[in-house]
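**Student:** Once you've had a glance at the structure underneath, I'll fire off some questions.
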Amino acid sequence: RHHARGHADRHHLAPVTPRRSAAEGAPGVGGERVEGRRAVTELLTAGRRRVRTVWVAAGRSADLTELADDATRRGVPVQHVTREELDELAATEVPQGVVADADPIEPAGVETLLAAPGAFLVALDGVTDPQNLGAIVRAAETAGATGLVLPRHRAARITPAVTKAAAGAIEYLPI
């Protein structure tokens, strides 16, 4: 595979438009755009979803260099971009120097969630704030939940803000 090095010009960047509308309007749960160091690290580590591209801002820290090297070892294309380009790609205010594009989270059926040994589900109703949803996902995964049930309507979808607030827990908790 070809891995871009140095500053990529705008024409070589994968979709520049944040995926907010796709995540909010899609019938699935979302999760295609992942932002923040911890969230992208766990996305790569979990290996449950295909990661299409990781963008890393220039002038990055040792943490981001390690993250980019990990992505490269896993065969994920890494694009080094300016901070301005990264900010344009990001849907959150502070993407922490890294944004990834991945396959959406594959929703699990309720029957499948209930069939898990020792099923411990967290069912949500009316949680519309992405920060709250991310915090709930993080707490549920930490508490040992085996799944999360999100309603189809009047609830937040898995947006970049949710994946960032969940700090990687979204990669391990079936939804």
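Just so you know, all these numbers are worked out from the coordinates, no wet-lab data involved. On a predicted model such as this, the values are computed, not experimentally measured, just so you know. Positions of Cβ are generated from backbone atoms using ideal geometry, with glycine treated the same way; all protein chains shown enter the neighbour counts.
**Student:** Quick one: pull the percentage of alpha-carbon pairs in the range 108-160 with a separation above 18 Å. Spell out each step's value before the answer.
**Tutor:** Details: 422 of 1378 pairs.
Summing the P(r) tail past 18 Å for the range 108-160 gives 31 percent.
**Student:** In nanometres, what is the gap between the two model label sites at Arg50 and Val94, each 7 Å from Cα along Cα-to-Cβ?
**Tutor:** Once both label points are built, they end up 3.4 nm from each other.
**Student:** OK, next. So if each residue of separation counts as 0.36 nm, and I subtract the Cα-Cα distance between Arg83 and Ala143, what length gain in nm does that give?
**Tutor:** Extra length available between Arg83 and Ala143 comes to 18.0 nm.
**Student:** Determine, for each peptide in 135-147, 158-170, the mean count of other beta carbons within 10 angstrom over its residues, then list the peptides with the highest first. Display every interim value, and only then the final one.
**Tutor:** On the way: 135-147: 17.3, 158-170: 26.2.
Peptide ranking by packing, descending: 158-170, 135-147.
**Student:** Between Ala115 and Arg152, what is the spin-label point distance in nm, taking each point 7 Å from the Cα along the Cα→C-beta axis?
**Tutor:** Each label point lies 7 Å from its Cα, and together they span 2.1 nm.
**Student:** So what are the three principal axis dimensions of the range 57-135 from its Cα atoms, in whole Å, longest to shortest?
**Tutor:** Computed over the Cα atoms, the extents are 46, 30, 20 Å.
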